[in-house]
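The values are calculated or read from the model by the stated rules, or taken from the named source; none is laboratory data. Model, not experiment: these values are computed from the prediction. Cβ placement follows ideal geometry from the backbone for every residue including glycine, while neighbour counts extend to all protein chains displayed.
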Amino acid sequence: MLVIAIFYFCFINNNKVQTQFIRKPTSSLSESIESIKEMFHNQELDIWYDISSAINELISVTPKKPSIVLLFANETNTMDCLATTLAQASSAILHGDDYLEFNPKTFGSDAGEIIDRLNEYPPDKKKVVIIHDILNINAEAIKALHNLCDRINPLIPEAIYILTMKTSNYLLSQKKLQFVENQFYNKLSKSIDLDILMPLITRITDGAIISVQPEPRLKYC
C-alpha cells in the first residue's frame with residue numbers, strides 16, 4: 001500500500017508540473033532565449049529582450065496579432081543560423097507544427113501568390129514563417145507584406161514573421177530603424193510608388209529590428 005501511495009503521489013505531482021509548464025509559456029520562452037544566447041556570444045545584449053518581447057507578445061496579447069523580427073547583417077551565415085534557431089524555438093513555444101521558410105525564388109512574383117500559398121496551410125503550420133533575403137524579393141510580391149504584417153487587421157493573427165536582410169555598410173553607430181528604412185527605400189523606390197512603399201516599410205519595420213554580428217566560432221549551423 002505504501003508503494004502504491006508513493007507512486008500515486010509522484011504521478012499527481014508530475015502531472016501538476018506538466019500542467020504548470022503548459023500554462024506558463026513565458027517560462028519556456030525565457031529558457032529558450034537563454035539557451036540561444038549561449039550559442040550566439042557576440043550579439044548585443046539588448047537584442048534578446050527585443051526578441052523575447054516579440055515572441056511573448058504573440059503569447060500574451062489578446063486579440064492575437066502578428067509579431068515581426070527583422071534581422072539584418074553584413075554577414076549572412078550567422079544571421080541565417082539565428083533565424084532558423086529562433087524559428088525552431090518559437091514553433092516549440094507556440095505549439096506550432098514546425099515552421100515555413102521562403103526566399104526570393106519561392107516567395108513568388110506577385111502579392112497574391114504567397115498569400116494564396118499561406119492560406120493552404122492549417123493555422124498550426126504557419127505560426128512561424130521565415131522570409132530570407134527580403135530586399136531581393138520581387139517588387140510586386142513584396143507588397144504582400146503590407147497584408148501579412150498588418151497588426152490592426154491581420155491576415156494571419158497568430159504568426160511570427162522572421163525576416164532577414166543582407167546589408168553591406170551598416171555601422172554600430174547608426175540608428176537601426178533609420179538604416180533599415182533607407183535600405184528598403186533605396187532598393188524599392190524606383191519600382192514601387194511612394195504612396196504604397198512608405199506604408200509598406202512602416203509595417204515591415206513595426207517590430208524588433210535586430211543587427212546580427214558575426215559569430216566566427218558558431219558550431220551549430
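Below, the figures for the structure above:
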{"read-out": "Hey, residue 197 over 23 Å from residue 52 (Cα atoms) and in contact (Cβ under 8 Å) with a residue 12 or more places away in the chain or not", "value": "yes"}
{"read-out": "Lone unmet requirement of (1) in a strand (DSSP E or B); (2) touching a helix residue (DSSP H, G or I) at 6+ places or on another chain (Cβ under 7 Å) for residue 104", "value": "(1)"}
{"read-out": "Qualifying position, being modelled with pLDDT of 95 or more and surrounded by fewer than 17 Cβ atoms within 10 Å (Cβ to Cβ), among 75, 101", "value": "101"}
{"read-out": "Pairs with Cβ under 7 Å, 6+ apart, first in segment 55-78 and touching a residue at least 24 places away in the same chain (Cβ under 8 Å) and among the hydroxyl-bearing types (Ser, Thr, Tyr), second crowded, with 16+ Cβ neighbours inside 10 Å and in a strand (DSSP E or B)", "value": "67/160; 76/166"}
{"read-out": "Qualifying residue in segment 152-164 (condition: polar (S, T, N, Q), in a helix (DSSP H, G or I) and either modelled with pLDDT under 95 or over 14 Å from the mean Cα position of the chain (by Cα) (or both))", "value": "no"}
{"read-out": "Residue 186 modelled with pLDDT of 95 or more and among the polar types (S, T, N, Q)", "value": "yes"}
{"read-out": "Leading residue by the ranking (farthest from residue 135 (Cα to Cα)) among those in segment 187-221 that are polar (S, T, N, Q) and touching a Leu at 6+ places or on another chain (Cβ under 9 Å)", "value": "213"}
